[in-house]
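Everything below concerns the one structure shown next.
The values are calculated or read from the model by the stated rules, or taken from the named source; none is laboratory data. Computed from a predicted structure; not experimentally measured. Every residue, glycine among them, receives a Cβ derived from its backbone with ideal geometry; neighbour counts consider all protein chains shown.
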Amino acid sequence: MLLNTVKQSIPVSTTAYDVLIAQLIEAAANDLRIAGIPVFGVSISTVQDNGQITVADHSTITDPSLIRAICAYVRAHFGSPADYDRLKACYDENKAQLQTASGYGMEESYV
């Protein structure tokens, strides 16, 4: 599910880049986690069978804000986009908003 959503955002319809896109999805989730944003439900693995590598997507992530951030990360880092700076700024803004939003980044303080 997540892999197809991200591929639509690029847009890519072939499976030729699935391994690369899966790696970028994992990198995006890790980058968000490093920034203190809890990301659960991203589960993409590669399986090698008879020399063929396929991607298995078992992701259960449904949070639209996290999915949007992951899509923005992948769009910025897939290939060599002419508008990399704009796409990277978009991802950074998504990440910053998540870091300050209740339930994602900084803990709520109860007085």
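It is to be established whether one or more residues within segment 11-24 are within 22 Å of Q99 (Cα to Cα) and surrounded by 14 or more Cβ atoms within 10 Å (Cβ to Cβ).
Taking segment 11-24 and keeping what is within 22 Å of Q99 (Cα to Cα), we get 24.
Right, trim to surrounded by 14 or more Cβ atoms within 10 Å (Cβ to Cβ) and you get 24.
Yes: segment 11-24 contains one or more residues that are within 22 Å of Q99 (Cα to Cα) and surrounded by 14 or more Cβ atoms within 10 Å (Cβ to Cβ).
Looking for whichever is hydrophobic (A, V, I, L, M, F, W, C), without any contact (Cβ under 8 Å) to a residue 60 or more places away in the chain, farther than 20 Å from Y17 by Cα and surrounded by 12 or more Cβ atoms within 10 Å (Cβ to Cβ) here; the options are A89, A76. Which one fits?
Exactly one residue qualifies, and that residue is A89.
For segment 24-47, which residues satisfy the criterion of being within 17 Å of Y91 (Cα to Cα), free of Cβ contacts under 8 Å to residues at least 40 places away in the same chain and either polar (S, T, N, Q) or not in a helix (DSSP H, G or I) (or both)? Give the steps one after another, and end with the answer.
Taking segment 24-47 as the starting set, the residues that turn out to be within 17 Å of Y91 (Cα to Cα) are 24-39.
Still in the running and free of Cβ contacts under 8 Å to residues at least 40 places away in the same chain: 26, 30, 33-34, 39.
Result: N30, V39.
Does V12 count as of a type in the set (V, I, T) and over 15 Å from N94 (Cβ atoms)?
Yes; evaluated as a whole, the condition is true for this residue.
Please specify each residue of segment 78-99 satisfying the condition of being among the basic types (K, R) and outside any helix (DSSP H, G or I). Step through it out loud before you land on a result.
Looking only at segment 78-99, we keep the residues that are among the basic types (K, R), and these are 86, 88, 95.
Within segment 78-99, none qualify.
Please specify each residue of segment 1-54 satisfying the condition of being among the small types (G, A, S) and more than 13 Å from the chain's Cα centre (by Cα).
S13, A16, A35, G36, S45, G51
Quick one: is I25 under 21 Å from Y84 (Cβ atoms) and in contact with a Leu (Cβ under 9 Å, 6 or more places away or on another chain)?
Numbers: under 21 Å from Y84 (Cβ atoms): yes; in contact with a Leu (Cβ under 9 Å, 6 or more places away or on another chain): yes.
Yes, satisfied.
Considering only segment 56-77, how many residues are in a helix (DSSP H, G or I) and more than 21 Å from C90 (Cα to Cα)? Break it down into steps so the answer makes sense when it comes.
Just the residues of segment 56-77 that are in a helix (DSSP H, G or I), to begin with: 64-77.
Right, trim to more than 21 Å from C90 (Cα to Cα) and you get none.
Selection size over segment 56-77: 0.
Output the residues belonging to segment 56-73 that are touching a Gly at 6+ places or on another chain (Cβ under 7 Å) and surrounded by 18 or more Cβ atoms within 10 Å (Cβ to Cβ).
Once the filter is applied, which keeps residues that are touching a Gly at 6+ places or on another chain (Cβ under 7 Å) and surrounded by 18 or more Cβ atoms within 10 Å (Cβ to Cβ), segment 56-73 yields S59, I61.
Output the residue which, of all residues in segment 92-111 that are touching a Ser or Thr at 6+ places or on another chain (Cβ under 7 Å) and at pLDDT below 95, is surrounded by the most Cβ atoms within 10 Å (Cβ to Cβ). Give the steps one after another, and end with the answer.
Applying the first criterion (touching a Ser or Thr at 6+ places or on another chain (Cβ under 7 Å)) to segment 92-111 yields 98, 106, 108.
When the remaining residues are screened for being at pLDDT below 95, the result is 106, 108.
On the way: M106: 12, E108: 6.
So, considering only residues that are touching a Ser or Thr at 6+ places or on another chain (Cβ under 7 Å) and at pLDDT below 95, the one surrounded by the most Cβ atoms within 10 Å (Cβ to Cβ) is M106.
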